[in-house]
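Trainee: Before we start, here is the structure in question, set down as structure tokens.
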Amino acid sequence: MGLLDELEQQAQQRKASADDAEKRKSQREEIFRTQLEPGMNALHDFLGKLVANLKVLQPKKQLRFDLIGYGEVVGYIEHEYDLKVNQQPGSREIVLGFQCLVATEECPTVEVVGASKVRTVAGAFQRFHLGGLLEPKKDANGEVVSARFNAKGRIPMTATFLADADSAVVRMNFVNFDALGTATKNIPPELLNESTFDAIGRYLMREENNLFQEALSDSFRAQLRTKVQQDQIKRRWESKIGAQQKADLEKIKREQSLAGRFAKPAVKEEKPASPSWLDRIKGLVGK
């Protein structure tokens, strides 16, 4: 192949790759326009209605979080909600924020001894915007070597939903819900429906939900059923083979036992005794 042919082939490959990338981009933009954008609008409406009802009902929701070095932080959701939406030509972001008020009287008072341990607990309190460091004691260098902690303050809770034309999925981030930290989940546009909205609402209200349970496709469920059936058949055959082998072994043992019981004892042939060394000497002398 000549130089011009090679260059022409490379140019065609690059053009085909660019065309494929442009086609995929157009498909993602179409998904955003026809599925994600309407779905995010519906989600925003759902969250608005949810928040309005919660403000009226004011349900008492207790939350418990484990904090390293301290123990369990107990709090209750405050029903003051901040629902925002950020719209761009190719993206849509919904942010719902509220707070959990720490019930200081229900939290333990923990004495922490040792500079490194005090730093660990104090750092965790600071990271999650908690107060409650009591009676700090310092050494000669001014470093706190012991203190008592009793959690107080408010823990911010945030739910963020982001959809854009670049990814063609909805990214959900939940901060300080199941635990202190962030939980993340992506869902495809076809799951922006009432069932998912209901699961999101229950998750936000800290009720039993299946939001983070992965849905299994019908084909994968069929594969699982087939594998279970195959495993069951395999175990049945292994059990049958094991039982048969045991029965065969017992049969062989019985046959060997009967054969040994009725077998005639073997007659031992007596060999002539070898002459002793004294007899051999006498024979040589006699010659």
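Trainee: Tell me which residues come under 5 Å, amide H to amide H, from residue 103 once H is placed; ignore anything under 5 positions away on its chain.
Mentor: Placed amide hydrogens put 74, 75, 76 under 5 Å from residue 103.
Trainee: Okay, next question. Sorting 248, 166 by accessible area (1.4 Å probe), largest first, what list results?
Mentor: If we order 248, 166 from most to least accessible, we get 166, 248.
Trainee: Taking the convex hull of the alpha carbon atoms in region 7-84, what volume per residue do you get, in Å³?
Mentor: Taking only Cα atoms, region 7-84 has a hull volume of 164 Å³ per residue.
Trainee: Please give, to one decimal in nm, the separation of the simple spin-label points placed at residue 17 and residue 202, each 7 Å out from Cα toward the Cβ.
Mentor: About 4.7 nm, to one decimal.
Trainee: Express the accessible area of region 1-70 per residue in Å², computed with a 1.4 Å probe while the remaining protein chains stay in the model.
Mentor: Value returned for region 1-70: 74 Å² of accessible area per residue.
Trainee: Quick one: ranking 23, 55 by accessible area, 1.4 Å probe, largest first, what do you get?
Mentor: Output order, biggest surface exposure first: 23, 55.
Trainee: Something else: Using only the alpha-carbon atoms of region 1-142, report the extent along each of the three principal axes, biggest first, to the nearest angstrom.
Mentor: 83, 51, 20
Trainee: Could you state the accessible area per residue of region 77-179 in Å², with a 1.4 Å probe and every protein chain left in place?
Mentor: 51 Å²
Trainee: Where the accessible area of region 1-129 is counted over protein heavy atoms with a 1.4 Å probe, how much of it, in %, is carbon and sulfur?
Mentor: 50 percent
Trainee: According to a simple spin-label model (label point 7 Å from Cα along Cα-to-Cβ), what is the distance in nm between residue 87 and residue 61?
Mentor: 2.7 nm
Trainee: Any idea how far apart residue 119 and residue 194 come out in nm if each label point goes 7 Å out from Cα toward Cβ?
Mentor: Result: 5.7 nm between the two label points.
The values are calculated or read from the model by the stated rules, or taken from the named source; none is laboratory data. The model shown is predicted, which means the values in this text are computed figures rather than measured ones. Neighbour counts are summed over all protein chains in view; Cβ atoms, including those assigned to glycine, are modelled from backbone coordinates with ideal geometry. Calculation scope for accessible area: heavy atoms of the full protein, side chains included, ligands and nucleic acids excluded. Shrake-Rupley method; radii C 1.70, N 1.55, O 1.52, S 1.80 Å.
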